[in-house]
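Since the structure comes first, as structure tokens, the remarks are kept for the end.
The values are calculated or read from the model by the stated rules, or taken from the named source; none is laboratory data. Predicted, not measured: the structure shown is a model, and the values here were computed from it. When we count neighbours, we look across all protein chains shown, and the Cβ atoms used for this are built from the backbone with ideal geometry, even at glycine.
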Amino acid sequence: MKLSNSFVLRGGLFAFLLTLTAHASLATPYGKLVVSNTAACPHAQYTKIQDAINAASAGDEIVVCNGIYSEQLSITKSLDIEADSGAFLVPASIQPNATSLTTGNAIAAAVFVSGAANVSITGLTVDGINNGITECAPVLIGVYFQNSSGSLRHATVRNFALAASLNGCQSGTGVFVESGGGQNSDVEISDCSIHGYQKNGVTANETGTTARIHDNVVTGVGPTTGAAQNGIQIGFSASGAIRGNTVTNNFWSPCSDATTCTNVATAILVTQSNNVHVGENTVGIDQAGIFIDGNDNHVHGNTAFSASIFENITIFGNRNRIEENRVFNGGDADIFIQGRNNNVMDNLITEAPVGILVGAGSTGNVFAANTFHGVTMTIQDPPTGNLSKTIVADRP
């Protein structure tokens with residue numbers, strides 16, 4: 001018995017559709033959860049961001065509509081959090097919710113990302129103005145990535161500081177990335193505004209941490225008698241790049257003489273880390289501009305100006321490359337070098353008592369093709385103390 005061609009075709013088509021349906025049923029499309037506590041998004045499923053986080057599956061998107069959200073967030077799964085421009089996270093009080101992997105100190109973070117492979121936070125304003133912390137402990141943090149990877153983009157992180165009576169506490173960092181226990185963190189922080197911090201704007205610490213910090217504006221509080229601030233820090237064997245940022249106004253007032261200063265505030269600090277790229281940043285009106293304490297780092301194409309007391313670029317270490325930077329109006333010098341086999345080349349050095357200061361015992365350094373304007377002495381090799389001991393790095 002012969003089957004008609006149309007019957008065969010229809011049977012084949014039906015089988016094909018069944019196959020497509022079977023494949024579609026195996027796929028797991030990511031969901032979208034909407035949060036709103038105002039009339040801004042009338043079809044929102046949640047009024048609290050944390051409720052949406054708890055209900056979401058890994059890989060879901062959470063849309064945060066305009067409004068003020070008085071809550072802390074805890075994220076332990078991969079999520080994409082997209083906030084409207086008028087979405088503000090302002091916890092009414094910030095409670096301890098984490099412990100530093102390095103020091104064991106209690107941490108109170110407005111946003112705590114823990115053990116997550118890929119968390120993206122975009123557009124959210126995180127404000128610590130109502131943090132309610134009345135002592136030096138717990139350590140106050142804005143956004144804390146712990147053994148987690150992801151990104152923080154187009155965000156504002158502000159007002160992570162304690163009361164004026166507690167301004168000497170080593171607390172109050174805008175963004176903190178930390179790894180421990182053999183785990184890794186790889187975080188991109190970009191196009192953010194970070195200000196009103198007490199200790200550091202951005203800190204990325206410890207082995208296993210990679211931070212790509214670029215195109216942010218990080219602004220210190222200006223002259224302060226409290227914690228010595230650092231705008232951006234990569235330290236303690238963390239790696240990464242600090243690129244294209246604008247960092248200003250980090251200044252510790254009690255330090256007024258380079259020979260007696262006990263603490264130093266910096267715009268960009270690389271401490272006990274190697275192979276970090278610091279490039280195309282603009283830093284100024286700080287006590288020290290770019291401060292490197294490590295080996296094999298590359299400081300390239302930055303503009304640094306008006307470092308008070310100390311230098312626009314300070315290097316402690318070996319085999320670092322300081323190339324094609326523009327430095328203006330340093331304190332005791334525009335560039336300082338202490339170490340071996342560093343290359344200082346093609347820099348434009350303008351207006352300082354000394355163009356390049358070379359620390360005692362430094363050998364094998366190359367100084368070539370630098371251009372000097374308005375300096376009394378181009379290169380001077382005096383004895384010096386170890387300024388790196390005055391650095392007050394952030395290690396919550």
Item to check | First in the stretch 214-225 and surrounded by 19 or more Cβ atoms within 10 Å (Cβ to Cβ), second anywhere and of a type in the set (Lys, Arg), Cβ under 9 Å, 6 or more apart | outcome: 214/243
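This table checks each residue for (1) of a type in the set (Asp, Glu); (2) buried (at least 19 other Cβ atoms within 10 Å of the Cβ); (3) free of Cβ contacts under 8 Å to residues at least 40 places away in the same chain; (4) assigned by TED's automatic domain parsing to the domain that holds residue 240.
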position	(1), (2), (3), (4)
149	no, yes, yes, no
161	no, yes, no, no
165	no, no, yes, no
176	no, yes, no, no
181	no, no, no, no
199	no, yes, no, no
204	no, yes, yes, no
Next on the checklist: Just to be sure I understand, how many residues within the stretch 298-319 are modelled with pLDDT under 95 and touching a Phe, Trp or Tyr at 6+ places or on another chain (Cβ under 7 Å)?
Outcome noted: 1
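Condition check ((1) closer than 26 Å to residue 227 by Cβ; (2) over 19 Å from the mean Cα position of the chain (by Cα); (3) surrounded by fewer than 15 Cβ atoms within 10 Å (Cβ to Cβ)) across all residues:
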{"residue": "35", "(1), (2), (3)": "no, yes, no"}
{"residue": "57", "(1), (2), (3)": "no, yes, yes"}
{"residue": "63", "(1), (2), (3)": "no, yes, no"}
{"residue": "97", "(1), (2), (3)": "yes, yes, no"}
{"residue": "111", "(1), (2), (3)": "yes, no, no"}
{"residue": "119", "(1), (2), (3)": "no, no, no"}
Next on the checklist: Looking at the stretch 291-304, I want the residues that are assigned by TED's automatic domain parsing to the domain that holds residue 340 and have a partner that is among the basic types (Lys, Arg) with Cβ atoms under 6 Å, at least 6 apart or on another chain. Which pairs are those?
Outcome noted: 295/319; 296/319; 298/321; 303/326
Checklist entry - Just checking, how many residues over the stretch 292-311 are part of a strand (DSSP E or B) and either out of contact with any helix residue (DSSP H, G or I) (no Cβ under 8 Å at 6 or more places or on another chain) or among the basic types (Lys, Arg) (or both)? => result 7
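Considering 317, 331, 284, 279, which residue is surrounded by fewer than 23 Cβ atoms within 10 Å (Cβ to Cβ), assigned by TED's automatic domain parsing to the domain that holds residue 363 and in contact (Cβ under 8 Å) with a residue 60 or more places away in the chain? Break it down stepwise before answering.
Working: 317 fails: in contact (Cβ under 8 Å) with a residue 60 or more places away in the chain; 284 fails: in contact (Cβ under 8 Å) with a residue 60 or more places away in the chain; 279 fails: in contact (Cβ under 8 Å) with a residue 60 or more places away in the chain.
That would be 331, the only listed residue that is surrounded by fewer than 23 Cβ atoms within 10 Å (Cβ to Cβ), assigned by TED's automatic domain parsing to the domain that holds residue 363 and in contact (Cβ under 8 Å) with a residue 60 or more places away in the chain.
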Next on the checklist: Can you tell me how many residues within the stretch 54-81 are within 20 Å of residue 147 (Cα to Cα) and out of contact with any Asp or Glu (no Cβ under 9 Å at 6 or more places or on another chain)?
Outcome noted: 8
Next on the checklist: Checking the structure you have, find out if any residue of the stretch 316-332 is over 25 Å from the mean Cα position of the chain (by Cα) and either among the acidic types (Asp, Glu) or within 23 Å of residue 194 (Cβ to Cβ) (or both).
Outcome noted: yes
Checklist entry - Restricting attention to the stretch 266-275, which residues are free of Cβ contacts under 8 Å to residues at least 60 places away in the same chain, more than 16 Å from residue 303 (Cβ to Cβ) and buried (at least 24 other Cβ atoms within 10 Å of the Cβ)? => result 270, 273
